[in-house]
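The values are calculated or read from the model by the stated rules, or taken from the named source; none is laboratory data. Given the structure is predicted, the values throughout are model-derived calculations rather than measurements. Cβ sites come from the backbone with ideal geometry, for glycine too, and all protein chains shown count toward neighbours.
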Amino acid sequence: MTTLTITLTVLAVITILVLTAVAAIMWRRVFRQREQVRQQTAVQLERRRKQREELIESITVIARTLVAGEMNESEAAIRLKVLLDNLYLSEEERQRFANIEEMYEMVKDFDTHQMRQQLPKNERMKQDLARNKIEVQYRDKLLKDARALLEYQFPALH
């Protein structure tokens, strides 16, 4: 073998070794990145599961409070609607609790808290009368939905 052939063979072997080393390093990086993504996904899923559990617990507490007569219907409808929206239920599942949504739509524009306190007395009384009328109209329907929420098995997080 000539010196040129030996030199080229050594260079070829070195090139192959370098490329193999580079490939191994890149493969390890990809493996680490996949592992990081898997771990981050697991953490995010656990966070979403806990948030969902907290939402369901809040829904249960409000439904129980409403059924026990310890919360007015307007407040319950507003709170339940917001919580149910954050569960991202399917349209079919939302239909089970349509009375909550209907009542929410009827009372959502009434002034509350500080804004209500700032209203002139006659306007505040006017809103209270209108809200009370809606509460009487929806009371049985809302209680039916609240009881259904207490028995409902919310679907698992996907």
Among the candidates Arg28, Arg52, Arg34, which residue alone is closer than 17 Å to Leu157 by Cβ and not aromatic (Phe, Trp, Tyr)? Arg52
What pairs come up if the first residue lies in the range 124-148 and is over 14 Å from Met106 (Cα atoms) and touching a residue at least 12 places away in the same chain (Cβ under 8 Å), the second is of a type in the set (Phe, Trp, Tyr) and crowded, with 17+ Cβ neighbours inside 10 Å, and their beta carbons are under 6 Å apart, counting only those six or more places apart or on different chains? Asp145/Phe97
Scanning for something hydroxyl-bearing (Ser, Thr, Tyr), part of a helix (DSSP H, G or I), within 31 Å of the chain's Cα centre (by Cα) and closer than 30 Å to Ala146 by Cβ, does the range 44-64 turn up at least one residue? yes
Just to be sure, is Ala77 among the aliphatic types (A, V, I, L, M), surrounded by 15 or more Cβ atoms within 10 Å (Cβ to Cβ), in contact (Cβ under 8 Å) with a residue 40 or more places away in the chain and in a helix (DSSP H, G or I)? yes
Out of (1) exposed (fewer than 10 other Cβ atoms within 10 Å of the Cβ); (2) at pLDDT below 95, the odd one out for Gly69 is which? (2)
Counting only residues that are touching a Ser or Thr at 6+ places or on another chain (Cβ under 8 Å) and either among the aromatic types (Phe, Trp, Tyr) or over 16 Å from Glu75 (Cβ atoms) (or both), how many does the range 105-136 have? 1
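Among the residues of the range 5-12, is any hydroxyl-bearing (Ser, Thr, Tyr), part of a helix (DSSP H, G or I) and exposed (fewer than 10 other Cβ atoms within 10 Å of the Cβ)? Can you show your working first?
Looking only at the range 5-12, we keep the residues that are hydroxyl-bearing (Ser, Thr, Tyr), and these are 5, 7, 9.
Going one step further and asking which of them are part of a helix (DSSP H, G or I), we end up with 5, 7, 9.
In the following step, the residues that additionally are exposed (fewer than 10 other Cβ atoms within 10 Å of the Cβ) were identified as 5.
The answer is yes; a qualifying residue exists.
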